[in-house]
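Take a look at the structure set out below.
The values are calculated or read from the model by the stated rules, or taken from the named source; none is laboratory data. Note that the coordinates shown come from a computational prediction; the quantities given were computed from them, not determined experimentally. Cβ: placed from backbone, ideal geometry, glycine included. Neighbour counts: every protein chain shown. The protein model used for the area step is the full one, side chains on, heavy atoms only, and it has no ligands, DNA or RNA in it. Shrake-Rupley method; radii C 1.70, N 1.55, O 1.52, S 1.80 Å.
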Amino acid sequence: MGLEESLAEFLEDGDDWERKKTSVDGVFILKLPEYKGNPPRLAIELNPTDSSGNPTKKRGLMTFDMRELETFRELIGEEGLDGLMEAIMEVNPEQGKKKRPEEEEEDVIEI
């Protein structure tokens, strides 16, 4: 089965918001539901993956239009983006799991 046939079948039979892996890690096909008069359609989702090939974000970067894809490519290649990300990483607090009140250590009496 060719690429277009596989995509057409997924568009026809896939569930709304279903995500399919592709042969490229981090590239997924997402089935978008009918919305405001637009019929159901497919989109490309770019989403970093973990060691098992599963997406690491709830939603990645989504596009279903060649012009939009080109715009994303230009934006991601923007020189100032690296400096901006470095500054954000400096300003943001260290990543770590914030403890919920019930997870905080309790006073324990040793006996």
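Descriptive notes on the structure:
- Residue in the range 5-21 that is free of Cβ contacts under 8 Å to residues at least 60 places away in the same chain, in contact with a Ser or Thr (Cβ under 8 Å, 6 or more places away or on another chain) and surrounded by fewer than 12 Cβ atoms within 10 Å (Cβ to Cβ) present: no
- On the stretch given as the range 22-48, residues that are touching a residue at least 24 places away in the same chain (Cβ under 8 Å) and over 22 Å from ARG67 (Cα atoms) total 1.
- Qualifying residue in the range 90-108 (condition: more than 13 Å from the chain's Cα centre (by Cα), surrounded by 10 or more Cβ atoms within 10 Å (Cβ to Cβ) and modelled with pLDDT under 95): no
- Looking only at the range 27-39, residues that are open to solvent by 50 Å² or more (accessible area, probe 1.4 Å) and assigned to a loop (DSSP other than H, G, I, E, B) come to 4 in all.
- Output for the range 51-89, where each listed residue is surrounded by 10 or more Cβ atoms within 10 Å (Cβ to Cβ), hydroxyl-bearing (Ser, Thr, Tyr) and not in a strand (DSSP E or B): THR56, THR71
- Of everything listed in (1) in a loop (DSSP other than H, G, I, E, B); (2) in contact with a Gly (Cβ under 6 Å, 6 or more places away or on another chain), the single unmet condition for GLU45 is (1).
- Count of residues meeting criterion [under 15 Å from THR22 (Cβ atoms), among the hydrophobic types (A, V, I, L, M, F, W, C) and in contact with a helix residue (DSSP H, G or I) (Cβ under 8 Å, 6 or more places away or on another chain)] in the range 47-78: 1
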